[in-house]
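Notes follow the structure.
The values are calculated or read from the model by the stated rules, or taken from the named source; none is laboratory data. Just so it is clear, the structure is predicted and the values come from calculations on it, not from any experiment. Here the Cβ positions follow ideal geometry from the backbone for every residue, glycine too, while neighbour counts run over all protein chains shown. The area values use the complete protein model at the heavy-atom level, side chains included, leaving out ligands, DNA and RNA. Shrake-Rupley method; radii C 1.70, N 1.55, O 1.52, S 1.80 Å.
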Amino acid sequence: MHAVWTRSVQELRLRSPAAHRLLQLCSFFAVGPISMTMIYIDEMVRLVMPYDMGLREKLLLGRGLREAL
């Protein structure tokens, strides 16, 4: 199972570096649900934006979130 998970994360990193970074940031939180408010705060956008400059708009962050899921 570990190999499958590792491979999936590697593929995500290659396909969408911003989604990979978002996954890394969200993995810091507990196992429970993460509020969408937390995803769209300015700080989260600032942390993910260097990986995809198209995410300058908060609403576009949802694109990275969909790819991470």
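Pull out all pairs, ordered by first then second residue, where Cβ-Cβ is under 6 Å, the residues are six or more apart or on different chains, the first lies in region 44-55 and is touching a residue at least 12 places away in the same chain (Cβ under 8 Å) and at negative phi, and the second is among the polar types (S, T, N, Q) and surrounded by fewer than 11 Cβ atoms within 10 Å (Cβ to Cβ).
Final answer for the pair search is none.
Kindly indicate whether any position in region 14-26 is polar (S, T, N, Q), at pLDDT 75 or above, open to solvent by less than 80 Å² (accessible area, probe 1.4 Å) and in a loop (DSSP other than H, G, I, E, B).
yes
Show the residue pairs that are 6+ apart or on different chains and have beta-carbon atoms under 7 Å apart, the first residue being within region 24-43 and free of Cβ contacts under 8 Å to residues at least 24 places away in the same chain, the second being open to solvent by 70 Å² or more (accessible area, probe 1.4 Å) and among the basic types (Lys, Arg).
Tyr40/Lys58
What number of residues in region 27-48 are assigned to a helix (DSSP H, G or I) and open to solvent by 50 Å² or more (accessible area, probe 1.4 Å)?
Residues in region 27-48 being assigned to a helix (DSSP H, G or I) and open to solvent by 50 Å² or more (accessible area, probe 1.4 Å): 8 in total.
Where residues in region 1-13 are hydrophobic (A, V, I, L, M, F, W, C) and either outside any helix (DSSP H, G or I) or open to solvent by 50 Å² or more (accessible area, probe 1.4 Å) (or both), which of them is farthest from Met53 (Cα to Cα)?
In this case the residue turns out to be Met1.
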